[in-house]
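J.: Okay, here's the structure, questions in a sec.
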Amino acid sequence: MPAFQAPKGTRDLLPPTSTRARELVAVFAGLAEQAGFGQVVPPMFEDLGVFLRLGEATDVVTKEMYDFETKGGDRVALRPELTASIVRGFVEHRPTTPWKVWATGSCFRYERAQKGRYRQFDQVDVEVLGTADPEVDIEVIALGWRFYGALGLRQVSLELNTLGDPGDRPRYLDALRAHFGAHLDALSEQSRITLEKNPLRVLDSKRPEDAELVAAAPAIADFVSDDARSAFARVQAGLDALGVPFTVAPRLVRGLDYYTRTTFEFRGVGLGASQDAVGGGGRYDGLTEDLGGPPTPGIGFALGVDRTLLACDAEGVFGAPTGGVAAFVVDVVDGSHATVLCDQLRRAGIGADRAYDGRSMKAQMKKADGSGAAVALIVGDQEVGDGTVVVKDLRTGEQEAVTRDDVVAHVRKLVSES
Ligand code: AMP
């Protein structure tokens, strides 16, 4: 065992997994920018206060924050999510609305690490600030749905709920208090504590002993204002019109406190129950004000990159890229010809690699075969004398000596045929 390993809950992404993760983000970026979203790159740490606004009853705030005091005495935290940072940036810069942005990057939560649940994980995220139009809810949810589809995922489910408006909340919270309060003995100890702080969050309990009581809890749909109800109906009709399938989940509340109205979660059907949430989001019409800005409606989602890749594994889609370089240079003279030829090929836009350390012809050809390259370029003493290079098509085995001047054009032709 080496003296040091990646810290618990973190992983090294090595090739080709790292390439796959990057391509996933590229697919997301493509879809988001095609829909008019621009990228925002917030800092990875913020004043702790920014994240405390996520709510005192959330695990993210109470148990999972990577917070510390800097050498200058500031209390900061590594971001546990992107939304709060983005909204803080909105308040700071006051861009024109509607502000449609996307973001990606690592988030940090001191979680109990297991497969699919890490202490450092990546998210892709969109946020729209400055409009309460339910058409935006539809656009945002459909963007998430199309993203999973673009990866080839077919077994993602979408659950949808409305949390109503802040004014609807007190009556519903009272009903929850009454419901759970009448069965305190049957509730887990953790949920009894949560009940005191925020009864809504008890619905989020995944503890088996709470399952029956949660399922029997009053549904928020019976408590929401007419306005919120008709907005929710419009969102559902809009998703229907786009052919985005969903189920209404009357007890879906999600982990963070700031959500209002539309709330949703994407699940990877092929994943285990404890980490089947591949993404989720919703409206947060109060968060901007909480962070010191003007009243501004907002909606967004965050999708877990790591978990989405696990969902892809479970469905056997969006595999690791096979690619690699197009050409491999075998130099059995002294290695310097490989350096020059690789440089020429790369400058011409042709991916090229080579071997090092003066390996034998046989060893270098084996490397060439393993590299995935379509073409091998071979340079020995005779070729140096003739001013040529042997270009070998690795698929057909055919080979031909080509002058140094013609080699790039010749390789390009072979590569484009492959
Ligand atoms: P949340 O910000 O909690 O709504 O999370 C949004 C998405 O991020 C989830 O649906 C997961 O896919 C992913 N996610 C959240 N926490 C973790 C974690 N600890 N490890 C891996 N992915 C996570």
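J.: So for the range 108-178, what percent of the C-alpha to C-alpha distances run longer than 21 Å?
T.: I get 56 percent for the Cα pairs in the range 108-178 exceeding 21 Å.
J.: Here's something else I'd like to know. Using only the alpha carbons of the range 13-83, what is the convex hull's orientation-averaged projected area in square nanometres?
T.: If I average the Cα hull's projected area over directions, I get 7.0 nm².
J.: First measure r as the distance between the Cβ atoms of Asp133 and Ala237, then evaluate 1/(1 + (r/R0)^6) with R0 = 22 Å and state the FRET efficiency to the nearest 0.05.
T.: So, using R0 = 22 Å, E works out to roughly 0.95.
J.: Packing-wise, with mean Cβ within 10 Å as the measure, how do 190-202, 403-415 rank, highest first?
T.: Descending mean neighbour count gives 190-202, 403-415.
J.: Using the Cα atoms of the range 64-129 to build a convex hull, what is its mean projected area in square nanometres?
T.: Values: hull surface 21.9 nm².
That works out to 5.5 nm².
J.: Using +1 on the beta carbon of Lys and Arg, -1 on that of Asp and Glu, and nothing else charged, what's the dipole of the chain about the Cα centre, debye to 20?
T.: The calculation lands at about 560 debye.
J.: If DNA, RNA and ligands are ignored and the probe is 1.4 Å, what is the ranking of Phe318, Phe4 by accessible area, most exposed first?
T.: My answer, sorted largest first, is Phe4, Phe318.
J.: Follow-up. What is the angle, in °, between the Cα long axis of helix 169-181 and the longest principal axis of the Cα atoms in the chain? Nearest 10 is fine, range 0 to 90.
T.: Here the helix axis deviates by roughly 80 degrees.
J.: Mind giving me the FRET efficiency for Ala401 and Thr247? R0 is 56 Å, r the Cβ-Cβ distance, nearest 0.05 is fine.
T.: For R0 = 56 Å, the calculated efficiency reads 0.25.
J.: Stretched out fully, how many nm does the piece from Ala3 to Gln155 gain, at 0.36 nm a residue minus the Cα gap?
T.: 50.6 nm
J.: Over all directions, what mean area does the Cα convex hull of the chain project, stated in square nanometres?
T.: Averaging across all directions leaves 26.7 nm² for the Cα convex hull.
J.: Here's a follow-up. If you average 1/r over every pair of different alpha-carbon atoms in the range 173-325 and take one over that average, what Kirkwood value in Å do you get?
T.: 17.9
J.: So for the range 259-318, averaging the separation of alpha carbon pairs under 8 Å that are six or more residues apart and normalising by length, what relative contact order in percent results?
T.: 32
J.: Another question, then. Contact order normalised by length for the chain, with contacts defined as Cα pairs under 8 Å and 6 or more residues apart; what percent is it?
T.: Relative contact order, the chain: 15 percent.
J.: Specify the residue with the greatest mean-square fluctuation among Phe246, Phe90, Phe328, computed from a Gaussian network of the chain linking alpha-carbon atoms under 10 Å apart.
T.: The residue with the greatest mean-square fluctuation here is Phe328.
J.: Cα to Cα, under 29 Å, and not fewer than 8 places away if on the same chain: which lysines meet these conditions relative to Lys197?
T.: Result set, ordered by chain and number: Lys63, Lys206.
J.: A follow-up question, please. So between Glu209 and Ala178, what do we pick up on full extension, going 0.36 nm a residue minus the alpha carbon distance?
T.: 9.3 nm
J.: Under the rule of at least 5 residues apart or a separate chain, name every residue whose amide H is placed under 5 Å from the amide H of Gly105.
T.: Amide H neighbours of Gly105: Gln123.
J.: Restricting to Cα atoms and excluding each atom paired with itself, what does the Kirkwood estimate give for the range 135-258 in Å? Mind showing how you got there, number by number?
T.: Numbers: mean 1/r = 0.0629 Å⁻¹.
About 15.9 Å for the range 135-258.
J.: Which Cα, out of Val407, Gly292, Ile86, lies furthest along the positive dipole direction of the chain (beta carbon charges, K/R +1, D/E -1)?
T.: Going by the charge dipole, the pick is Val407.
J.: In units of 2.2 N^0.38 Å, what is the alpha-carbon radius of gyration of the range 327-417? Intermediate values should be presented prior to the final figure.
T.: On the way: Rg = 11.5 Å, N = 91, 2.2 N^0.38 = 12.2 Å.
Scaled against compact globular proteins, the figure is 0.95.
J.: Ok, one more. At 1.4 Å probe size, with the rest of the protein present, what percent of the exposed accessible area of the chain is carbon and sulfur atoms? Don't skip to the answer; put the middle values down first.
T.: Working: 10230 of 20050 Å².
Solvent-exposed carbon and sulfur of the chain make up 51 percent of the total.
J.: Something else now. In straight Cα distance, which aspartates and glutamates are under 16 Å from Lys367, not counting same-chain residues fewer than 8 positions off?
T.: Here the aspartates and glutamates satisfying the reach criterion relative to Lys367 are Asp331, Asp353, Asp357, Asp393.
J.: Rounded to the nearest Å, what's the spacing between the alpha carbon centres of the range 117-152 and the range 315-372? Just the number, please.
T.: The range 117-152 and the range 315-372 have Cα centres spaced 39 Å from each other.
J.: Related question: Kindly report the accessible area of the range 327-417 per residue (heavy atoms of protein chains, probe 1.4 Å, no ligands, DNA or RNA), in Å².
T.: That works out to 55 Å² for each residue.
The values are calculated or read from the model by the stated rules, or taken from the named source; none is laboratory data. Here the structure is a predicted model, which is why all the values come from computation and not from measurement. Cβ sites come from the backbone with ideal geometry, for glycine too, and all protein chains shown count toward neighbours. To get the accessible areas, we keep the full protein, side chains included, count just its heavy atoms, and leave off ligands, DNA and RNA. Shrake-Rupley method; radii C 1.70, N 1.55, O 1.52, S 1.80 Å.
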